[in-house]
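The values are calculated or read from the model by the stated rules, or taken from the named source; none is laboratory data. Because the structure is a prediction, the values reported are computed rather than measured. Ideal geometry is used to build each Cβ from the backbone, glycine not excepted, and the neighbour counts take in all protein chains shown.
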Amino acid sequence: MVGGAEEMVLNLVRRLPGRYEPAVVCIHHAGPIGEEIARTGVRFEVLGLNPGIARPLDVLKLRDSLYRIQPTIVHTFLLTGSLYGRFAAMMAGVPVVIGTEVNIYANKRPGHARVEKWLMQGTDTVIASAASVKDFYIRQVAADPAKVDVIYNAVDWSQLETTMGRDAFRDAMGVPRDVVLAGIIARLTEQKAHRVLFEALAQHPGLQHLHLLVIGDGELRDELRQRVATLGLTSRVHFAGARRDLGNILAAVDLFTMPSLWEGLPLSLVLAMGAGLPVVATRVAGIPEVVQDNVSGLLVAPGNSGELAEALTRLVTDANLRRSLGDHARAFVLPRFGVDQYVSSITGLYDRLVVAKGLA
């Protein structure tokens, strides 16, 4: 499945200045983004490892991969990379070690948090995707605030380009042309709270004609399809799987929703705002840092299907509100969350750490 971290890696590979030569090591397996990274021609290794207590030697294999590459900087993404990638980099004597924290992981196991606290001794910087993520991470692992930087996730606005018209795309998805269509682009996991969204659609009379386009895949795919059938929503909820034609998707929907139970800064939400769509999202982590309630979107409590239904109903029944929120959303995110700013911030961090280590 394609997620925000994978998008960030792809953006860096495509846009790092020439003084940096990127190489990408995938610990597990390569998905669709991995294929795109490989096509850029950078050095790309897929190790097929699953490091952990049951397979401790996999960490040594990861270390050996770094011995072969001999990087100046190791920049890790996602939980497995953050734990085992940083550990392997420390064992391999990599001069600069950078981690990332993209979500507020409130349920992180105590042992996991203790390991991260220990890893901070050999970590130069952890990049947090939002200010709220930074604050929580510092408290959770007792990290030195000076070693945690905020660099907001960003999107490549070229993803908004379309290759199909709105009506043609709806026809292909089996969505009537004249209905109000909501969209969600997210992995089919507990975090993204699709169940809460389906309950909202089923319980509120104001949403009885709203259709929903579900983009994404994940471990809950079959369970969520069954839930939709149980709620009698099969004719109105359209599962489209994982897709990369995000511009076509966002041009075909009338509003966007992100009912996550926990988050960092979801890139699909930012991209939808850049497309000028009104959004309904939960008041968690970095989302309120991007969505101003009743100005550029509507914010609701996580896990509350009733409140979510009320907010969706406001948008379904008020085209002027949809237009106003969407216009403000686009105006806010376009100058702030483009990928060029992200790469510039990351490069600035790399430069600073390389100079501090006397490597430049």
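When the range 119-140 is filtered for residues that are over 22 Å from the mean Cα position of the chain (by Cα) and closer than 19 Å to Leu78 by Cβ, the ones remaining, listed by number, are Leu119, Met120, Gly122, Thr123, Asp124. Counting only residues that are touching a residue at least 12 places away in the same chain (Cβ under 8 Å) and either of a type in the set (Asp, Glu) or in a helix (DSSP H, G or I) (or both), which one in the range 152-164 is surrounded by the fewest Cβ atoms within 10 Å (Cβ to Cβ)? The qualifying residue surrounded by the fewest Cβ atoms within 10 Å (Cβ to Cβ) is Glu161. The set of residues in the range 315-360 being in a helix (DSSP H, G or I), of a type in the set (A, V, I, L, M, F, W, C) and out of contact with any strand residue (DSSP E or B) (no Cβ under 7 Å at 6 or more places or on another chain) consists of Val316, Ala319, Leu321, Ala331, Phe332, Val333, Val343, Ile346, Val355, Ala356. As for the range 46-53, it holds at least one residue that is in a strand (DSSP E or B) and surrounded by fewer than 16 Cβ atoms within 10 Å (Cβ to Cβ). The single residue among Asp171, Asp149, Asp135, Asp167 that is over 30 Å from Ala229 (Cα atoms) and in a helix (DSSP H, G or I) turns out to be Asp135. Determine if the range 338-359 includes at least one residue that is under 19 Å from the mean Cα position of the chain (by Cα) and of a type in the set (Lys, Arg). Checking the range 338-359: not a single residue is under 19 Å from the mean Cα position of the chain (by Cα) and of a type in the set (Lys, Arg).
Among residues that are farther than 16 Å from Trp157 by Cα, modelled with pLDDT of 95 or more and surrounded by fewer than 22 Cβ atoms within 10 Å (Cβ to Cβ), Gly348 is included. For the range 268-300, a residue qualifies if it is over 15 Å from the mean Cα position of the chain (by Cα) and among the aliphatic types (A, V, I, L, M), and the qualifying residues are Ala275, Leu277, Val279, Val280, Val291, Val295, Leu298, Leu299, Val300.
Leu119 meets the stated requirement of being farther than 27 Å from Ala242 by Cβ and either in contact with a helix residue (DSSP H, G or I) (Cβ under 6 Å, 6 or more places away or on another chain) or not in a loop (DSSP other than H, G, I, E, B) (or both). Applying the criterion of being of a type in the set (Gly, Ala, Ser) and assigned to a loop (DSSP other than H, G, I, E, B) to the residues of the range 231-278, the residue that is farthest from Gly31 (Cα to Cα) is Gly232. For the range 170-217, the set of residues classified as free of Cβ contacts under 8 Å to residues at least 24 places away in the same chain and in contact with an Asp or Glu (Cβ under 7 Å, 6 or more places away or on another chain) consists of Arg177 only.
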